[in-house]
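Worksheet: the structure to be examined is printed underneath.
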Amino acid sequence: MTYRLELKNISKSFGEVQSLRNVNFHVDQNEIVGLLGDNGAGKSTLIKIVTGYYQPDSGEIFFNGQKVENLTVPKARQLGVETVYQERALADQQTLWRNIFMGRELQNRFGFLDIARMREETNQLMLRSMGFTSGAVTPDSQIKNFSGGEKQGVAIVRALYFQADLIILDEPTMGLSLQETRKLIEFVQGIKRAGKSAIFIDHNVFHVYSVADRVVVLDRGAVAGEFFTKDITLNDLTEKMYRVAESGHLD
């Protein structure tokens, strides 16, 4: 089987602090993987290696079965990796269409911004992918008037529009209300419907369990457990998380 992403024996240290220790991790084609762990577990370091911000001290990285050497941020993006951070990734004072195309504006054959096409593309995305069917939201609506869950959805749809194959969701539910979180979960489910994959990083086991196909638990830089959500109840997963937090292992 060819994984969309595979990490083999990845280790990373900062001075005397070892953030990752021989981590094996993969994401299948069309799969949502939940990445769980307390602060200091190594989640952020792992993601920064996947996105090219950090180089591992040892280990191998594969995308679609091809080994990648010296992964950088631009190279990761070329390979289809996009990260959806919390609301900070959007410009509140700008319109919806400007946020969708920010940094990757469409141009006409004369090299000028093709504003009409960007508005139309945004309108189609609103109808097909965002679920904005009321006349209250238009391509010219300002992002500051959107809910937290809707803002996250805009960032996800933007990533899918630009052909992201692997979308990394970094603590996407932080600061969201219950209703906003539900909207976000719908957008995450849309990633699978689009035939793409995602890594869903969160502290909240409930949010991850509700949408992930598989859950990987990190603790102190190592993989402490891996579970298919179809094979484990939420209560059992929560209990295992408590045991990892207390003892560092599942036994």
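The values are calculated or read from the model by the stated rules, or taken from the named source; none is laboratory data. Nothing here was measured: the structure is a model prediction, and the numbers come from that model. Note: ideal-geometry Cβ built from the backbone for every residue, glycine included; neighbour counts use all protein chains shown.
Please identify the pairs in which a residue from the stretch 188-201 that is in the same structural domain as Arg128 (by TED's automatic domain parsing) has its Cβ atom under 7 Å from the Cβ atom of a residue that is at pLDDT 90 or above and not charged (D, E, K, R), counting only partners at least 6 apart or on another chain.
Listed by first residue and then by second, the contacts come to nothing, as the list is empty.
Based on what the data block shows, is Ala76 assigned by TED's automatic domain parsing to the domain that holds Tyr161 and part of a helix (DSSP H, G or I)?
Judged against the criteria, Ala76 is a match.
Any idea how many residues of the stretch 111-148 are closer than 21 Å to Ala194 by Cα and touching a residue at least 60 places away in the same chain (Cβ under 8 Å)?
Looking only at that region, the number is 1.
Please enumerate the residues belonging to the stretch 91-105 that are charged (D, E, K, R) and surrounded by fewer than 17 Cβ atoms within 10 Å (Cβ to Cβ).
Within the stretch 91-105, Asp92, Arg104, Glu105 meet the criteria.
In this structure, does Ala91 turn out to be farther than 19 Å from Leu166 by Cα, free of Cβ contacts under 8 Å to residues at least 60 places away in the same chain and either assigned by TED's automatic domain parsing to the domain that holds Asp165 or part of a loop (DSSP other than H, G, I, E, B) (or both)?
yes
Kindly list, by first and then second residue, each pair from a residue in the stretch 64-80 that is of a type in the set (Val, Ile, Thr) to a residue that is in a loop (DSSP other than H, G, I, E, B), limited to pairs with Cβ atoms under 6 Å and residues at least 6 apart or on different chains.
From residues that are of a type in the set (Val, Ile, Thr), the pairs are Thr72/Gly52; Val73/Gly52.
Quick check, is Asn22 touching a strand residue (DSSP E or B) at 6+ places or on another chain (Cβ under 7 Å), touching a residue at least 24 places away in the same chain (Cβ under 8 Å) and surrounded by fewer than 15 Cβ atoms within 10 Å (Cβ to Cβ)?
In short, yes.
Quick one: how many residues across the stretch 34-62 are of a type outside the set (S, T, N, Q), in a loop (DSSP other than H, G, I, E, B) and under 23 Å from Phe227 (Cα atoms)?
So the count comes out to 5.
Taking the condition of being at pLDDT below 85, of a type in the set (Gly, Ala, Ser) and surrounded by fewer than 20 Cβ atoms within 10 Å (Cβ to Cβ), how many residues in the stretch 106-164 meet it?
Selection size over the stretch 106-164: 6.
Conditions first: (1) within 18 Å of the chain's Cα centre (by Cα); (2) surrounded by fewer than 20 Cβ atoms within 10 Å (Cβ to Cβ). Asp57 passes all but one, so which condition is the exception?
(1)
Answer yes if at least one residue in the stretch 184-200 is part of a strand (DSSP E or B) and either touching a Cys at 6+ places or on another chain (Cβ under 9 Å) or of a type in the set (Phe, Trp, Tyr) (or both), and no otherwise.
yes
Among the residues of the stretch 165-180, how many are crowded, with 19+ Cβ neighbours inside 10 Å and either of a type in the set (S, T, N, Q) or part of a loop (DSSP other than H, G, I, E, B) (or both)?
The number of residues fulfilling the criteria is 4.
Out of everything in the stretch 196-250 that is among the small types (Gly, Ala, Ser) and under 23 Å from Asn9 (Cβ atoms), what residue ends up being farthest from the chain's Cα centre (by Cα)?
Initially, the stretch 196-250 is screened for residues among the small types (Gly, Ala, Ser), giving 197-198, 210, 212, 221-222, 224-225, 245, 247-248.
Then drop every residue that is not under 23 Å from Asn9 (Cβ atoms), which leaves 197, 221-222, 224-225, 248.
Numbers: Ser197: 9, Gly221: 20, Ala222: 20, Ala224: 21, Gly225: 20, Gly248: 26 Å.
The qualifying residue farthest from the chain's Cα centre (by Cα) is Gly248.
Checking Arg88 against (1) under 19 Å from the mean Cα position of the chain (by Cα); (2) surrounded by 15 or more Cβ atoms within 10 Å (Cβ to Cβ); (3) at pLDDT below 90, which test does it fail?
(2)
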